[in-house]
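Below you'll find the structure, written out as structure tokens, and then a few comments.
The values are calculated or read from the model by the stated rules, or taken from the named source; none is laboratory data. Because the structure is predicted, anything quoted here is derived from the model rather than measured. No Cβ is skipped: glycine too gets one built from the backbone with ideal geometry, and neighbour counts run over all protein chains shown. Ligands, DNA and RNA are excluded from the accessible area calculation, which covers all protein heavy atoms including side chains. Shrake-Rupley method; radii C 1.70, N 1.55, O 1.52, S 1.80 Å.
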Amino acid sequence: MLKSFYPDETAKNAYDIDYEKLYRLGCRGLIYDVDNTLVPHGAPADRRAKKLFSRLGRIGFSVTLLSNNKEPRVKSFAQDVGHTGYIFKAGKPSVRGYQAAMEQMGTNPDNTVFIGDQLFTDVWGAKRAKIHSILVPPIHPKEEIQIILKRQLEKIVLYFYYRQQRQKSADGRRAK
């Protein structure tokens with residue numbers, strides 16, 4: 001049951017992912033959550049985000065922002081970073097938004113990766129859509145109350161996820 005919420009992998013942040021490696025491995029589409037994945041909640045696109053999206057365009061990725069937020073927030077961020085489409089009021093964790101993002105990019109679950117900061121919306125939705133997911137920690141501690149409450153439940157799931165990861169690592173070392 002808890003494994004439904006486990007990410008396929010984790011990263012220190014959305015900016016330090018080896019995107020060139022993802023591209024070499026066949027990934028062609030990237031779907032991002034915005035708030036607390038790329039910038040603090042409600043913040044405009046910063047220089048680092050603009051630089052990342054420019055880099056992703058040069059690599060050859062199609063990119064879509066997928067947010068449960070309203071259009072003005074998501075549209076302005078997408079315009080500021082460039083090189084991206086967007087879907088607002090996505091209804092994550094519903095698969096509908098993930099499928100629409102892939103349709104927009106011309107990709108499929110086998111060549112798409114989702115990057116987000118929440119287990120119960122971002123990762124669970126990606127898993128339900130059969131998309132590889134990368135969980136990043138939230139950029140900033142300031143969050144809305146409903147997210148703060150979800151973070152407490154996420155800590156429980158992440159405890160078991162990291163315990164499983166440590167066990168796999170130990171098993172791999174013993175097998176050598």
Might you report the magnitude of the Cβ-based charge dipole of the chain about its Cα centre, with Lys and Arg at +1 and Asp and Glu at -1, to the nearest 20 debye? 460
With 10 Å bins from 0: P(r) over segment 72-128, alpha-carbon pairs, percent: 22, 55, 23, 0
Relative contact order (percent) for segment 1-89, with alpha-carbon contacts under 8 angstrom and 6 or more residues of separation? 27
Test of understanding: express the Cα radius of gyration of the chain as a ratio to 2.2 N^0.38 Å, with N the residue count. 1.01
Gained length - Asn108 relative to Ser4, 0.36 nm times residue gap less alpha-carbon distance: 35.4 nm
Cross-link pairs beyond the 30 Å C-alpha cut-off, checked among Lys21/Lys92; Lys21/Lys70; Lys89/Lys127; Lys12/Lys150; Lys70/Lys142: Lys21/Lys70
For segment 22-109, what is the accessible area per residue in Å², given a 1.4 Å probe and the full set of protein chains? 47
Tally Lys and Arg at +1 and Asp and Glu at -1 over the other residues with C-beta under 15 Å from the C-beta of Ile87: what net charge comes out? +1
Calculate for the chain the 222 nm mean residue ellipticity that helices alone would give, adding -39,500 (n - 2.57) per DSSP H run of length 4 or more and normalising by residue count, nearest 500 deg cm²/dmol. -14000 deg cm²/dmol
At 4 °C and 1.567 mPa s, grab the translational diffusion coefficient of segment 101-176 from Stokes-Einstein with a Kirkwood Rh over Cα pairs, rounded to a whole number in µm² per second. 90
Using the per-residue mean of other Cβ atoms lying within 10 Å as a proxy for protection, in what order, highest first, do the peptides 89-98, 42-51 fall? 89-98, 42-51
Accessible surface of the chain, 1.4 Å probe, proportion on carbon and sulfur as whole %: 54
So, in Å, what gap is there between the alpha-carbon centers of segment 69-91 and segment 1-60? 15
Rank these by accessible area, largest first, 1.4 Å probe: Glu103, Glu144, Glu154. Glu103, Glu144, Glu154
Taking each pair of different alpha-carbon atoms in segment 1-56 once, compute 1/r for the pair, average those values, and report the inverse of that mean as the Kirkwood hydrodynamic radius in Å to one decimal. 13.0
